[in-house]
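This report concerns only the one structure given below.
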Amino acid sequence: RFQPFGPHHLKTYQWLKTKVDEAYITTSNIKKPPRHPMNFKEKVRHMVKMGVPSNRIVEEKTPYVAKNLLSKFGDDVAVVYIFGKKDAGRLTGGKYFQDYKSNKGNLKGHREHGYIMVAPHQSVSVGGKEVSGTVMRQLLGSPEYDDTQRSKMFKKAFGYYDKGVYNMMTNKFKKLFE
């Protein structure tokens, strides 16, 4: 969902770039506040500020079925979807999705199979808390932080501070705590 994209996601993307020929982030344009407050363009705006090239972020109706991205490649190109440990079981079962590691020497094109790889946990701490989506949403929206604390933690968490993006994100995530 990347609601919001956090430093642990960035570290995972950087790790992925060392494992595959081309790494992309796929995400949807689903915007259903308060749980999904950011649309695709807003997510891209934030990710680019964190250092992800915009041409590596692709909108998909269903991120686990990367039709838009895969339409740019021939049928012989293999696709590897990565997940964190807690989400790894989402695509098991069926014949399409296969384990990447056990098939690494014999990958099939994306029309035949998609492969699954579990990304290692990326430990990142901000303000004494282990970063997760929940912690990022609290940082952006919880009334337990005042705006001075929040803006400092924003820069620490995301590696940049842009007033427009900060305001957009905090206004959206504050609605979770109303």
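Quick one: would you say residue 33 is farther than 24 Å from residue 123 by Cβ and in contact with a Phe, Trp or Tyr (Cβ under 7 Å, 6 or more places away or on another chain)? Answer is no for this residue.
So that you can scan it fast, the table gives a plain yes or no per residue for (1) closer than 24 Å to residue 163 by Cα; (2) not small (Gly, Ala, Ser):
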residue: 4; (1), (2): yes, yes
residue: 9; (1), (2): yes, yes
residue: 17; (1), (2): no, yes
residue: 23; (1), (2): no, no
residue: 31; (1), (2): yes, yes
residue: 46; (1), (2): yes, yes
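Filtering region 9-30 to residues that are surrounded by fewer than 21 Cβ atoms within 10 Å (Cβ to Cβ) and part of a helix (DSSP H, G or I) leaves 10, 11, 12, 14, 15, 16, 17.
Report, by residue number, each residue of region 39-61 that is free of Cβ contacts under 8 Å to residues at least 24 places away in the same chain and not in a loop (DSSP other than H, G, I, E, B).
40, 41, 44, 48, 54, 55
Scanning region 62-77 for residues that are in contact (Cβ under 8 Å) with a residue 12 or more places away in the chain, exposed (fewer than 12 other Cβ atoms within 10 Å of the Cβ) and among the small types (Gly, Ala, Ser) returns a single hit, 74.
For the subset of region 78-118 comprising residues that are open to solvent by less than 60 Å² (accessible area, probe 1.4 Å) and hydroxyl-bearing (Ser, Thr, Tyr), which member is farthest from residue 68 (Cα to Cα)?
Among those residues, the one meeting the criterion is 100.
For residue 5, the stated conditions do not hold, so it cannot be described as open to solvent by less than 70 Å² (accessible area, probe 1.4 Å) and in contact with an Asp or Glu (Cβ under 6 Å, 6 or more places away or on another chain).
Residue 161 - would you say it is over 17 Å from the mean Cα position of the chain (by Cα), more than 17 Å from residue 20 (Cβ to Cβ) and open to solvent by less than 30 Å² (accessible area, probe 1.4 Å)?
When the stated conditions are applied, residue 161 does not pass them.
Among the residues making up region 50-61, those that are buried (at least 17 other Cβ atoms within 10 Å of the Cβ) and under 22 Å from residue 166 (Cβ atoms) are 50, 52, 57.
Contact map, region 1-24: first residue modelled with pLDDT of 95 or more, second residue in a helix (DSSP H, G or I) and among the small types (Gly, Ala, Ser), Cβ cut-off under 8 Å, separation 6 or more or different chains; pairs are 3/133; 4/133; 6/133; 6/157; 7/157.
Output the residues belonging to region 31-46 that are in contact with a Leu (Cβ under 8 Å, 6 or more places away or on another chain) and open to solvent by less than 20 Å² (accessible area, probe 1.4 Å).
The answer is 37, and nothing else.
The values are calculated or read from the model by the stated rules, or taken from the named source; none is laboratory data. This is a predicted model, so every value here is computed, not measured. We place every Cβ from the backbone using ideal geometry, glycine too, and count neighbours over all the protein chains shown. We work out accessible area using only protein heavy atoms, side chains counted, and drop any ligands, DNA or RNA first. Shrake-Rupley method; radii C 1.70, N 1.55, O 1.52, S 1.80 Å.
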